[in-house]
Amino acid sequence: MMEKIGFVGVGRMGSNMARRLRDCGYAVAAVYDADAGAAARLAREIGARHARTLAAVTRASDIVFTVVTDDAAQLRVFAEAGDSLLAGAKGKTFVNCATITPATHVEVARRARRAGARALEGCMASSIPQARQGTLYLMCAGDRKSFERVRPVLDKLSAAPRYVGRTGRAAQLKALVNMVMNANTAALAEGLGLASALGLPLDMVREVFAETGANSQVLKTDGEDMQNRAHECYFSGAHAAKDSTIAWVLGRQAGLSLPVAAATRLQFEAMVALGLGGLDKSGVAELTFRDRRG
């Protein structure tokens, strides 16, 4: 029999992962979110139970995916007292997909082991369409046997889930991915903002960028949006600020100076301070064009 799946955190990513697994024939048994309305709507849509407690998700599921916002939320759902996913968790497997610090993933894995459960990192380097289509780029870490045990489920979410090592390694790697991506995003916004100030046609500038060393994946995903001020959110500026900080702190802990990462962090924090954190990360261009906030 297929495992029963639970989800904690059914925002843009979690909800589409749940839809994908439902479409692949898995029973999504229970969903939970701090926004009870969002959980109730998704539950009705996919035929799942709207769990009112975290313990109810664990009770109904064999595998629980968590897709929460930050370290505090991750530790809260795995609390060592009160309502928690750890209640009755013996034999269960948790796949934790949030972009949080490596240290928090290590702590959650420790708590899960004490409860007789297994915890894996399932860090995602993709966005909403990939979650819905089952083409996520998944970086997984933790116990290798546990990874292989849930691999059939992960294969429905990702074309090639990648095992990268012990607990904490996937979070480190995800931080590096987002550090470079966010730096590219901020640099592209500055390049297009300067091109605009110089009076260069931005369509032409983007074509030249695409044909030279200025090309990047970010140019493909964000360049036109920056030009047209189309900042529908796939990956928010607030998340870019959070993730840039995670990477910068890892650098400090390693004794490295990362001036580009530091500048990128400040740029996205400025975006949040201006009330633009809910925009897609492409909205950082609002700070760099002279006729906008910049």
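No lab work stands behind these numbers, since they all come straight from the coordinates. Since the model is a prediction, treat every value here as computed from it, not as a measurement. No Cβ is skipped: glycine too gets one built from the backbone with ideal geometry, and neighbour counts run over all protein chains shown.
Quick notes
- Antiparallel bridge percentage (DSSP; both residues within the range 4-167; nearest 5): 15
- The chain: angle of helix 217-228 to the longest principal axis, Cα-based, in degrees nearest 10: 60
- Cα long-axis angle, helix 259-273 against the chain (0 to 90 degrees, to the nearest 10): 80
- Here is the size of the range 1-149 from its Cα atoms: Rg then Dmax, 13.8, 37 Å.
- Gap separating the Cα centres of the range 1-62 and the range 261-284, nearest whole Å: 31
- DSSP-defined antiparallel bridges as percent of all bridges, the chain, nearest 5: 20
- Note on LYS242: lysines with a C-alpha under 20 Å away, same-chain residues under 8 apart excluded, are LYS174, LYS281.
- C-alpha long axis of helix 12-23 to longest principal axis of the chain, angle in °: 50
- By the rule of a C-alpha distance below 16 Å, with chain neighbours fewer than 8 residues away ignored, the lysines paired with LYS4 are LYS90, LYS92, LYS156.
- Spin-label model, LYS156/ALA263: points 7 Å from Cα along the beta carbon direction are separated by 4.6 nm.
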